[in-house]
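What follows is a single structure, written as structure tokens, with notes after it.
Throughout, read-outs are computed from the coordinates displayed, never taken from laboratory work. Everything numeric here is computed off the predicted structure, so don't read it as measured data. Quick reminder, even Gly has a Cβ in these numbers, built from the backbone with ideal geometry, and neighbours come from all protein chains shown.
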Amino acid sequence: MAKTNNTKITILGGGNLGAALARGLVASRKHKANQITITRRNLKKLDTLKTEGFGVSASNTEAIKNADVIVLAILPQQIQAVLKDIGNSVDVKNQLIISLVTGAKNEAIAEHMPAKARIIRVMPNTAIAIRESMTCICITNASKVDIKITKDLFDLVGETMLLEEEYIRSATALCSCGVAFFLRAIRAAAQGGTEIGFHASDAIRMAAQTAKGSAALLLERGRHPETEIDGVTSPQGCTIAGLNEMEHQGLSSSIIKGIKTSYEKADNLYPDE
Ligand SMILES: NC(=O)c1ccc[n+]([C@@H]2O[C@H](COP(=O)([O-])OP(=O)(O)OC[C@H]3O[C@@H](n4cnc5c(N)ncnc54)[C@H](OP(=O)(O)O)[C@@H]3O)[C@@H](O)[C@H]2O)c1
């Protein structure tokens, strides 16, 4: 049995990402549900998490009492109200604040916190629920100790990369929005599969496993995607014919443009007062 960690974690905002993080940490078997408290205003919507053993609350100030780590998993347009609510209750010495809020720079969070508050910006994705997140951790203005606490936590729920703050917006577009991009690609492949003879449920399973295997080829062998593509495309074959048709329709171009559009949008999500 893995040794469990006694860190008390409070997640403010038990929506998609907050709930996924909580479940991912418990799935790692290093954290227990009863050491994690989750909040949201609509307490009823935390019933399932409550039955899974998590602490739940509608009061952010109550929930952060005794927490070692406070995770902000609130939408950018809602975070200022939460920061004003908890600002005076944060114990700077003993509490680390981890912000998952898209678009909110460290200094914007710090404005509402006591002086010298320890804040680390982190950008994970929803695959955190199954411990397969690509999580980018902002190291700008953070101490080595706080970076280690944060990295140790997010290493339990996927891969981590340490980045300066100027790259967090790029990480948001590529890795957090990226989940939706790859899922849409899988859905499109499955729709193609249905056109050529498979029931939808079989087609999705076949497309998803093919996508998983393709990603694993890159991650395990460390080769460039084109090297793996060369291995699938025989001369005058059906793969190169299909691939070139997709490129004629703008496959690579549309993905690149979509990622750049998300990058632009990610800069305007946090409302300046
Ligand atoms: N989803 C992703 O893939 C992803 C990836 C990276 C980063 N992010 C960022 O992570 C943050 C959360 O995203 P999300 O997708 O989890 O959003 P979400 O599903 O809308 O969750 C936000 C939660 O915050 C709660 N909330 C709002 N005001 C609150 C308050 N005053 N006190 C306590 N809880 C409050 C909401 O519940 P009530 O309405 O019941 O209060 C809601 O459950 C956002 O900043 C997002 O940009 C998301």
Checklist entry - Taking only C-alpha pairs under 8 Å that are 6+ residues apart, what is the relative contact order of region 178-267 in percent? => result 19 percent
Checklist outcome for this item: Among LYS8/LYS105; LYS84/LYS151; LYS30/LYS50; LYS44/LYS84; LYS116/LYS257, the pairs whose Cα-Cα distance exceeds 29 Å are LYS116/LYS257
Next on the checklist: Run the paramagnetic zone check for CYS238: 7 angstrom along Cα to Cβ, then residues of region 186-207 with backbone nitrogen under 13 Å.
Outcome noted: 193, 196-198
Checklist outcome for this item: Share of Cα-Cα pairs in region 155-273 beyond 24 Å, whole percent, is 41 percent
Checklist outcome for this item: Residues meeting the amide H criterion for ARG118 (H placed from the backbone, H to H distance under 5 Å, 5 or more places apart or on another chain) are ILE97
Checklist entry - Restricting attention to the alpha-carbon atoms of region 1-112, what are Rg (one decimal) and Dmax (integer), both in Å? => result 13.4, 43
Checklist outcome for this item: Sparse-neighbourhood loop hits (GluC sites (Glu not before Pro), region 107-210; DSSP loop; Cβ within 10 Å at most 10 others) -> GLU164
Checklist outcome for this item: Here, trypsin sites (Lys or Arg not before Pro) of region 90-137 satisfying both criteria (DSSP loop; at most 10 other Cβ within 10 Å) are LYS93, LYS116
Next on the checklist: Skipping prolines and chain starts, which residues have an amide H placed within reach, meaning under 5 Å, of the one on VAL56, given they are 5 or more residues away or on another chain?
Outcome noted: ILE38
Checklist outcome for this item: Normalised per residue, the volume inside the convex hull of the alpha-carbon atoms of the chain in Å³ amounts to 161 Å³
Item to check | Against the rule of thumb 2.2 N^0.38 Å, how large the Cα Rg of region 123-170 comes out | outcome: 1.09
